[in-house]
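What follows is a single structure, written as structure tokens, with notes after it.
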Ligand code: UDP
């Protein structure tokens, strides 16, 4: 297959690209490198896979037949999308439309990476796909949440009106090697801070929860979705729910760090609880995560340690 991955130089996209390349497929990475990096895909470029540097909200310069299109193009870390609200809205709307058109031209399967953020600050717990969410449409996070919700609507409409073979997945918090240590997300911050002997910044009381999935599990779920004919939406995430205080304690344990905890203000509209109901993924895709949080964090610690060694 010839597989287009928009956002393929990013954390998740580059792992997905590696997995398709390892199965012998040709990968075309489209990325504007605004949050992704060439370092994540140098091994793919060396092996002859294609790279188009482009902002998909402006153009998708991919020529020729394609079999599969993934839309992973978007800033995903809250500090990143809060810094670029208009670009985030543009990539979710116009970027998604251009990629759907590309899929339509080739009769390709289209998989859209949506997000647990479509559930906002959920009032139903854990979150099944049938839950419509609780999003503040004018809050700071709305630029990401509403762009992703619009992208879901657009994807469904292209499936219905233009017969594009679409699939929607809703991705919950994911972590692993190639996370940008400076992306401001909780796992990046805690591991970086613990390794540097700095205080771990817990926002609010630290009683809010997230459910963290290791990247190889998530990639496996994305590939199973692509290979299926399911339209979704289907949640992909690890239901192992933890408070941020529990996560901080585990990071301290895994790193052997003696850092303290420093409490900081809770960001506006920060979701209180988040945990995927993965019944659909299990039944329809025979998928479930296999990597424990402790093991996954150990891999990330190794990666962050080797990254800082190479930078010194
Ligand atoms: N968080 C934290 N300390 C940090 C960064 C984030 O306590 O240094 C909290 C944040 O308030 C949220 C959770 O960790 O409750 C996850 O935040 P993240 O930015 O990773 O992603 P989100 O799930 O909010 O999109």
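The values are calculated or read from the model by the stated rules, or taken from the named source; none is laboratory data. Computed from a predicted model, the values in this text were never measured in an experiment. Backbone-built Cβ (ideal geometry, glycine too); neighbour counts: all protein chains shown.
Summary of values
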quantity: Residues of segment 175-197 satisfying the condition of being away from the ligand (no atom under 11 Å from the Cβ), out of contact with any strand residue (DSSP E or B) (no Cβ under 6 Å at 6 or more places or on another chain) and not in a helix (DSSP H, G or I); calculated: 177, 178, 180, 181, 182, 197
quantity: Odd one out for residue 235, checked against (1) over 20 Å from residue 302 (Cβ atoms); (2) within 13 Å of the chain's Cα centre (by Cα); (3) more than 16 Å from the ligand (Cβ to nearest atom); calculated: (3)
quantity: Selection count where residues are at pLDDT 95 or above and surrounded by fewer than 13 Cβ atoms within 10 Å (Cβ to Cβ), scope segment 299-312; calculated: 1
quantity: Residues being more than 17 Å from the chain's Cα centre (by Cα) and surrounded by 14 or more Cβ atoms within 10 Å (Cβ to Cβ) - total across segment 22-37; calculated: 4
quantity: Selected residue (only one of 57, 93, 114 is in contact (Cβ under 8 Å) with a residue 24 or more places away in the chain, touching a helix residue (DSSP H, G or I) at 6+ places or on another chain (Cβ under 9 Å) and surrounded by fewer than 19 Cβ atoms within 10 Å (Cβ to Cβ)); calculated: 93
quantity: Condition met for residue 27 (touching a helix residue (DSSP H, G or I) at 6+ places or on another chain (Cβ under 7 Å), at negative phi, modelled with pLDDT of 95 or more and in a strand (DSSP E or B)); calculated: yes
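So that you can scan it fast, the table gives a plain yes or no per residue for (1) within 30 Å of residue 225 (Cβ to Cβ); (2) in contact with a helix residue (DSSP H, G or I) (Cβ under 9 Å, 6 or more places away or on another chain):
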site	(1), (2)
238	yes, yes
242	yes, yes
245	no, no
250	yes, yes
256	no, yes
259	no, yes
274	yes, yes
293	yes, yes
